[in-house]
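Worksheet for the structure shown next.
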């Protein structure tokens, strides 16, 4: 029992650390727009996004530091690159209208989407950078950096990290699976207002990521 408590604490630490950063409800309007409100596509896409997120989180925790070191990429650069993607997505959302061809295609041809198309749509921009963006990846890498060096303890720590990422992905699946219902309670006008507000928030988050990365590169205190 004495050894089990620290393991459970480490297991709970992963979703408790990552979910507030991910904030899946902020991505829900984008997810619903991508599915066109179709139940079949919603379930398939939610499952794929959850799996994609699990892969990203596990990869970041277990090999993130080694990959960045191998390519000589620093976390500030990751933040700037991810910030550009987030800002661009927010900008597109702000200027999208109801006749947007991507949303129309998702609405009218949802049942015809192949598994390959589901995978393609699920990764960008829903999985990255909206769900597992630079902030989430940076936090995952930080969690992975705390894994013990001793081989036996490392295996245990890695297994806990994988399970923690699975719990996080399960929460993401449940939220995205029922995103349409949650947003439906807001009504058509409420959903539209929320979508535009979140688009602006995403744009601001992207700018914040860029500024934070630039500040770290130039050793300027970010407010």
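The values are calculated or read from the model by the stated rules, or taken from the named source; none is laboratory data. What you see is a predicted model, and the numbers here were worked out from it, not measured in a lab. Backbone-built Cβ (ideal geometry, glycine too); neighbour counts: all protein chains shown.
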Restricting to segment 13-35, and then to whatever is part of a helix (DSSP H, G or I) and free of Cβ contacts under 8 Å to residues at least 24 places away in the same chain, can you tell me which residue is surrounded by the fewest Cβ atoms within 10 Å (Cβ to Cβ)?
20
Please tell me if residue 10 is at pLDDT 80 or above, surrounded by 14 or more Cβ atoms within 10 Å (Cβ to Cβ), assigned to a helix (DSSP H, G or I) and out of contact with any helix residue (DSSP H, G or I) (no Cβ under 6 Å at 6 or more places or on another chain).
no
If residue 145 satisfies every condition in (1) under 17 Å from the mean Cα position of the chain (by Cα); (2) under 30 Å from residue 201 (Cβ atoms) but one, which is the exception?
(1)
Filtered residue count, segment 74-89, keeping only those that are at pLDDT 75 or above and either over 19 Å from residue 131 (Cβ atoms) or surrounded by 19 or more Cβ atoms within 10 Å (Cβ to Cβ) (or both):
5
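Residue-wise test of (1) surrounded by 18 or more Cβ atoms within 10 Å (Cβ to Cβ); (2) farther than 16 Å from residue 132 by Cα; (3) at pLDDT below 80.
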| residue | (1), (2), (3) |
| --- | --- |
| 65 | no, yes, yes |
| 72 | no, yes, no |
| 96 | no, yes, yes |
| 107 | no, yes, yes |
| 110 | yes, yes, yes |
Given the conditions (1) crowded, with 16+ Cβ neighbours inside 10 Å; (2) more than 19 Å from the chain's Cα centre (by Cα), and given that residue 180 satisfies all but one, which numbered condition is not satisfied?
(2)
